1. Just for helices (runs of 4 or more DSSP H) wholly inside region 326-400: which have at least 1 residues that are open to solvent by less than 30 Å² (accessible area, probe 1.4 Å), under 27 Å from residue 155 (Cβ atoms) and among the charged types (D, E, K, R)?
2. Could you run through region 14-32 and say how many residues are open to solvent by less than 10 Å² (accessible area, probe 1.4 Å) and under 12 Å from residue 344 (Cβ atoms)?
3. Restricting to region 83-105, count the residues that are open to solvent by 100 Å² or more (accessible area, probe 1.4 Å) and either touching a Gly at 6+ places or on another chain (Cβ under 8 Å) or within 16 Å of residue 281 (Cα to Cα) (or both).
4. Can you list the helices (runs of 4 or more DSSP H) found entirely within region 1-72 that contain at least 3 residues being of a type in the set (Gly, Ala, Ser), within 19 Å of residue 333 (Cβ to Cβ) and touching a residue at least 24 places away in the same chain (Cβ under 8 Å)?
5. Quick check on my filter: what residues within region 133-156 are touching a Leu at 6+ places or on another chain (Cβ under 8 Å) and hydrophobic (A, V, I, L, M, F, W, C)?
6. Within region 218-247, count every residue that is within 21 Å of residue 188 (Cα to Cα) and either open to solvent by 80 Å² or more (accessible area, probe 1.4 Å) or touching a Leu at 6+ places or on another chain (Cβ under 7 Å) (or both).
7. For residue 197, work out the one condition from (1) touching a Gly at 6+ places or on another chain (Cβ under 9 Å); (2) open to solvent by 10 Å² or more (accessible area, probe 1.4 Å); (3) not aromatic (Phe, Trp, Tyr) it doesn't fulfil.
Amino acid sequence: MKIEWAKNHMPVLSRIRADFEREKPLAGHRIAMALHVEAKTAVLVETLAAGGAKVAVTGCNPLSTQDDVAAALDAAANISCFAKYDCTNAEYYEAIDKVLEIGPDITIDDGADLIFKIHKERRDLLPGLLGGCEETTTGIHRLTGMEKDGALEMAVLAVNDAKTKFLFDNRYGTGQSAWDGIMRTTNLLVAGKTVVVGGYGWCGRGIAARACGLGAEVVITEIDPVRALEARMDGYRVMPMEKAAEIGDIFVTTTGNRDILTEKHFKKMKDGVILANAGHFNVEIDMGALQKSASREKTVRKNIKEYTVDGKKINVLADGRLVNLAAGDGHPAEVMDMSFANQALCIKYIAENKLPYGVHKVPENIDNAVAMLKLKAMGIEIDTLTEKQRNYMDDWEEGT
């Protein structure tokens, strides 16, 4: 029922599934996936299987798998699921190994763990790979780093960088789902509190906007001068984290980088603060330093651990892992509809085209097709350029 509910709110992906069922564009292909195994992901997996693919899937985070969804996928035809909630680090990578036993010719990643594993330990799979897709900002950073160092030996489409992904999934999806995870976990009021958001990328913008809408005073920390200036002109206070640490009630990190909240910040924080991370990996809050600094540690509520540092209580949500999935249900289905529509169409594109090694942009026609399908599903019509207008935009001679 959970998967059916998501499917009913994902009209774009449902339209693509109908096309896939009729055309079977993925027949004969083997797809290995490492994504957050929850209801919306299940709709994507089922869509790929409907297109004729054999699919093996596991999680991309130890705390984001929903076991009932994993079981439902594993019981479906042409799908094998190895994801498990609250798995150990060893179990996490064992599941990735099992997924790779499918002998994939296409991959889908969220964080690039699958691709990294192939390059480091399963290089025998590289000759058979047509390409892969990467879902998130952190994964793109890893892959562009590999490409820069000459270490990337496959083609990857940067699905995260599609406009119909990051402008909606990262901003509106993370903005809503992070607060859903925080509020359902703490059952505390946001209004009247000072919320510190680490990073003003698209995820940070979404979280800041929703915090403001909930009645919080919002403080942004940044290293990028342009983004810091944007944050200030959007109405938020901007300061270094060391200063923000003294005044924040709730901290949410969104940078994709490590050590955003460290021991020097913990020492300055007020009693009772709440720390949450909305970045992909659990490196933004220095949990090692917090555990070392704490005189006492205890679980005070599901997904909340309280650390006593210098007599003050610091509450960490979901062990510092991404709060929207580790302590919630992830992004709303209507947002993931566009993200996963991009994934499905990009997989079809990889199956039909020979791409050179490297990180590639999502073709503009795919991005626009997803946007138009979404508008149609929402009952929205837009204007189109006349021939005269097109000619004017292309002309350089006509002036004042």
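1. Counting at least 1 such residues, we get 333-352, 364-377.
2. Qualifying residue count for the region: 4.
3. 1
4. Where helices (runs of 4 or more DSSP H) fall fully within region 1-72 and carry at least 3 residues being of a type in the set (Gly, Ala, Ser), within 19 Å of residue 333 (Cβ to Cβ) and touching a residue at least 24 places away in the same chain (Cβ under 8 Å), they are 39-50.
5. Across region 133-156, the qualifying residues are 133, 143, 146, 152, 154, 155, 156.
6. Selection size over region 218-247: 1.
7. (2)
Table: residues versus (1) more than 20 Å from the chain's Cα centre (by Cα); (2) over 26 Å from residue 41 (Cβ atoms).
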| residue | (1), (2) |
| --- | --- |
| 338 | no, no |
| 345 | no, no |
| 350 | yes, no |
| 356 | yes, yes |
| 364 | yes, no |
| 373 | yes, no |
| 391 | yes, yes |
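The values are calculated or read from the model by the stated rules, or taken from the named source; none is laboratory data. Source: prediction; values computed, not measured. Here Cβ is always computed from backbone atoms with ideal geometry, including for glycine, and neighbour counts include all displayed protein chains. Remember, those area values only see protein heavy atoms, side chains included, never the ligands or the DNA or RNA. Shrake-Rupley method; radii C 1.70, N 1.55, O 1.52, S 1.80 Å.
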